[in-house]
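The values are calculated or read from the model by the stated rules, or taken from the named source; none is laboratory data. Just so we're clear, the structure is a prediction, and the values are computed from it rather than from any experiment. Don't worry about glycine lacking a Cβ; one is built from the backbone with ideal geometry, like all the others, and counts go over all protein chains shown. Accessible surface is based on the protein model in full, side chains and every heavy atom, while ligands, DNA and RNA are left aside. Shrake-Rupley method; radii C 1.70, N 1.55, O 1.52, S 1.80 Å.
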Amino acid sequence: MSDYLQGKRLQKIIKMLRLPIPTPVLLKRQDGAIQEDELRGYKLLIGRSRGGLIAEPLEAWGKAQGMEINTNLNRYKYNALLWDATGVETVEDLVQGYDFFHEYIRRTMKGGRILIVGKEAGAKSAASLQATVQALEGFSRALAKEVGGKGITCQLILLDASVAEKEKELGHKFYPSLHFLLSKRSAFISGQVFRLSKAVKPLVQVPIAGALKDKVALVTGGAQGIGAAAARTLAREGASVIVLDIPQAVDKAATVAKEIGGKTLLLDITDKEAPDKVVRYIQEHFEGIDILVNNAGITRDRTIAKMSKEYWRQALNVNLDATIRLTEALIANGLRDRGRVIGLSSISGIAGNFGQTNYSASKAGMIGYMEALAKQLAGRQITANAIAPGFIETKMTANLPFFVKEGGRRLSNLKQGGLPQDVAEGICFLASPGGAGMTGQTLRICGGSMIGA
Ligand code: NAD
């Protein structure tokens, strides 16, 4: 029985025995390919701070998507509540957020969404403005904790001034991000801050459905777990996918590749010749790649006193060193302009974890690497972001002791673990043209976990 199903059985037992432990809400997830009109019929309630910039264009955009906006205030349960906080400039202004959510938060339906949209303060702005904008972060994270038990998620989107003020930038960066955050694809993301920057230039039109048509993606460690889910999800949206994994994983890799009409590339990324081999393979089969998902990773857990140097080296080598060498080779030869680099980190890389000095070091290193790449590659219109999953039900976490596993699940706002698909949807969003607003960031897909908060 899969771990996920075991978790569901446990939920049943908790319910039957009426134990005083909350049973998590079953999250609604994306089923099938993304549809252009996926938000049709959504009920959205928009609150606006005085001087808010986006409420009006947003309303027009929402109506064009077929959404019902601000209707039946006293009767409806809403799919989403959105507070336009782009007008918030003083501590006193924050009370408008209190007023909106105090009045309406109970009108969010189970599994719904709460979004706060603010404007970045800018490093040179008054300290009091910076404090006020940062306050939105604490506000949204605390809200995320209050509503998580109902499967409701809450995020803060911070717009760079140019994104907030220009219609074209809103269309290129804000609306596609909003699409993602309102949709079922973001079911396991909560308590996060999305910073939409001006680093990558606007496109004329941003597709939502079939957004990865004509794109080529390379997923390392794509034979199972999160990597396999990422390969499937990228292919679902139209990408041609190369599933890279170690030769011992041949059967699983071939199964995934066959299912999605992709290709298999079998090699160990820690081999000295691996970067050259990958570059040659791409040259032989494609004109280049657009999406690189650095997902291959291992754990070699022991406390530092008991850890062998071999264990230390193995984790650092696969998770970071080999990943950097492969990425550098592809940046020089194979990764096309306007491309996407995504690196799998972990909340252990943010908070550190007992018995994981090697793993935490490698995953923190991945965050630093993506931040540095984002700056280095902005000129080529390439984005680079890290994804930090929390507790995800895969082979890697199946090996943990039962109570550690159950603890890992319940420490999230949503009181459950995530599925590989949840991480894959985040990868797919960042990989898509609509992910252009995000670069140099770490997207946590952890259900709002207490760890690393
Ligand atoms: P997994 O063990 O199920 O899959 C990892 C894949 O990487 C395997 O197919 C493996 O064969 C491949 N791989 C390992 N070493 C390789 C090498 N040297 N060359 C090529 N391929 C190699 O792991 P997962 O749970 O799917 O995790 C995927 C990524 O997400 C990892 O980087 C992991 O650290 C990260 N992550 C996972 C979780 C979680 O809860 N599962 C949480 C945080 C971060």
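Among the residues in segment 316-324, are any away from the ligand (no atom under 14 Å from the Cβ) and either open to solvent by less than 10 Å² (accessible area, probe 1.4 Å) or among the small types (Gly, Ala, Ser) (or both)? No.
Only one of the numbered conditions (1) in contact with a strand residue (DSSP E or B) (Cβ under 8 Å, 6 or more places away or on another chain); (2) within 10 Å of the ligand (Cβ to nearest atom); (3) at pLDDT below 95 is violated by Leu411, and that is (2). Between Leu17, Leu10, the distinction of being open to solvent by 60 Å² or more (accessible area, probe 1.4 Å) and at pLDDT below 95 belongs to Leu17 only. Within segment 45-71, restricting attention to residues that are without any contact (Cβ under 8 Å) to a residue 40 or more places away in the chain, outside any helix (DSSP H, G or I) and touching a strand residue (DSSP E or B) at 6+ places or on another chain (Cβ under 8 Å), which residue is nearest to Ala127 (Cα to Cα)? Filtering first and then ranking leaves Gly52.
For segment 414-430, a residue qualifies if it is within 16 Å of the ligand (Cβ to nearest atom) and closer than 17 Å to Ser197 by Cβ, and exactly one does: Leu430. Are any of the residues in segment 372-393 surrounded by fewer than 23 Cβ atoms within 10 Å (Cβ to Cβ), more than 20 Å from the chain's Cα centre (by Cα), more than 25 Å from Leu292 (Cβ to Cβ) and among the basic types (Lys, Arg)? No, segment 372-393 contains no residue that is surrounded by fewer than 23 Cβ atoms within 10 Å (Cβ to Cβ), more than 20 Å from the chain's Cα centre (by Cα), more than 25 Å from Leu292 (Cβ to Cβ) and among the basic types (Lys, Arg).
For every residue, the table says whether it meets (1) touching an Asp or Glu at 6+ places or on another chain (Cβ under 8 Å); (2) farther than 23 Å from Ala228 by Cα.
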| site | (1), (2) |
| --- | --- |
| Thr327 | no, no |
| Gln356 | yes, yes |
| Ala372 | no, yes |
| Glu406 | no, yes |
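Among the residues of segment 74-91, those identified as assigned to a loop (DSSP other than H, G, I, E, B) and either surrounded by 17 or more Cβ atoms within 10 Å (Cβ to Cβ) or out of contact with any Lys or Arg (no Cβ under 8 Å at 6 or more places or on another chain) (or both) are Asn74, Arg75, Ala85, Thr86, Gly87, Val88, Glu89, Thr90, Val91.
Of the strands (runs of 3 or more DSSP E) entirely within segment 200-304, none holds at least 3 residues that are surrounded by fewer than 18 Cβ atoms within 10 Å (Cβ to Cβ), assigned by TED's automatic domain parsing to the domain that holds Phe429 and under 20 Å from the mean Cα position of the chain (by Cα).
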